[in-house]
Amino acid sequence: MIILHASWLNRSLHLWAERRPGNASVPAKRRGRKPKLPDRAMSPYDPGQDGLRTALADIPGVGAPDSEGFCRAEAW
C-alpha cells in the first residue's frame, strides 16, 4: 500500500508518497557499531519515482505522469 500526500508550495502542487518500511530494504537491528549510511540516505518509506508513478496511474482519470515532472526534494 502506498499513501499519497500533496501540498502547495510556491504556487505549485507537490506530490509525494510513502509506503510501509517492510516493503523497503531496512537493515535489521544488531549489536555493535552502527552501519555507515550515505550522506543523503533515502527514507525507508520512500517508494521511489516508479512507486509514485504507479500509485498515480491507479487513480481513475489521472494517468501516469512523465519523468520530467519529478524532482527530488527534502522536507523537515
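Here are some notes:
- Within the stretch 51-75, residues that are farther than 16 Å from L13 by Cβ and at pLDDT below 85 reach partners that are among the aliphatic types (A, V, I, L, M) and open to solvent by less than 90 Å² (accessible area, probe 1.4 Å) with beta carbons closer than 9 Å, at six or more positions or on different chains, in the pairs A64/L56; A64/A57.
- Of the residues making up the stretch 21-29, at least one is basic (K, R), part of a loop (DSSP other than H, G, I, E, B), more than 17 Å from A75 (Cβ to Cβ) and at pLDDT below 80.
- Evaluation of D46 against the conditions (1) outside any loop (DSSP other than H, G, I, E, B); (2) at pLDDT 80 or above; (3) among the acidic types (D, E) shows that the sole unmet condition is (1).
The values are calculated or read from the model by the stated rules, or taken from the named source; none is laboratory data. Everything numeric here is computed off the predicted structure, so don't read it as measured data. Note that we place each Cβ from the backbone using ideal geometry, even for glycine, and neighbour counts take in every protein chain shown. Only protein heavy atoms, including side chains, enter the accessible area calculation; ligands, DNA and RNA are left aside. Shrake-Rupley method; radii C 1.70, N 1.55, O 1.52, S 1.80 Å.
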